[in-house]
1. With the structure loaded, tell me whether Gly68 is in contact with a strand residue (DSSP E or B) (Cβ under 9 Å, 6 or more places away or on another chain) and either within 16 Å of Gly170 (Cβ to Cβ) or not in a strand (DSSP E or B) (or both) or whether it fails that test.
2. What about Thr56, is it in contact with a Leu (Cβ under 6 Å, 6 or more places away or on another chain), modelled with pLDDT under 95 and under 17 Å from Val118 (Cβ atoms)?
3. For segment 158-176, give me the residue count where each residue is in a helix (DSSP H, G or I) and either surrounded by 17 or more Cβ atoms within 10 Å (Cβ to Cβ) or over 13 Å from the mean Cα position of the chain (by Cα) (or both).
Amino acid sequence: MANKEALRDLQSRLAERLHAARNEAAAAAWLAVQVGQNGYLLPLGQSGEIFPVAATTAMPYSQPWMLGVVNLRGGLYSVVDLAGFINSAQTAARSEQAWAQARLVTFNPELEINCALVVDALVGLRRQDAFAGVVSMPEGMPDYFGQRLVDVKGVSWQELNLQTLAQNAGFLSVGL
């Protein structure tokens, strides 16, 4: 009888922890990253895995922001310097220390694009309640930019819609 009660108690605790984990995962909506001097929010549902920057194989006759291709877990991924794609003036040589902090963030496999974005640093997960307001977007912003949010410290973060980016003609046109 005591074993049955202990088993029920264990099942109850596991169910509570599972429920809490689901709610916590749903509450964390974005992966916050640093790209150059700017902060970006990548929706978790559109983001894939995170990897240290690996040696890439260069692609001839490609855009300067297309750094090449890399093998990640047996899959071939194109590597895009996000800073260079968003603003070609930001493309700059990174120091060894900067490359050590940089990470590759892949797209969610459901988006059906084998691509990894180079970000300068991972900042962490952000939930909606971490932001105090929304700033209106200026005219002429790219379609893959979502809302611009301001956190409680007054720092501005740009949401980046990876699904729209994966379908953007400029992003898909890697050749010169």
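1. no
2. yes
3. 8
Results for (1) under 10 Å from the mean Cα position of the chain (by Cα); (2) of a type in the set (A, V, I, L, M); (3) more than 19 Å from Gly146 (Cα to Cα); (4) modelled with pLDDT of 90 or more, shown as yes or no for each residue.
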site: Gln11; (1), (2), (3), (4): no, no, yes, no
site: His19; (1), (2), (3), (4): no, no, yes, no
site: Arg22; (1), (2), (3), (4): no, no, yes, no
site: Leu31; (1), (2), (3), (4): yes, yes, no, yes
site: Gln37; (1), (2), (3), (4): no, no, no, no
site: Pro43; (1), (2), (3), (4): yes, no, no, yes
site: Ser47; (1), (2), (3), (4): yes, no, no, yes
site: Phe51; (1), (2), (3), (4): no, no, yes, yes
site: Val69; (1), (2), (3), (4): no, yes, yes, yes
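The values are calculated or read from the model by the stated rules, or taken from the named source; none is laboratory data. In this text, all values refer to a predicted model and were calculated from it rather than measured experimentally. Here the Cβ is made from the backbone with ideal geometry for all residues, glycine too, and neighbour counts use every protein chain on show.
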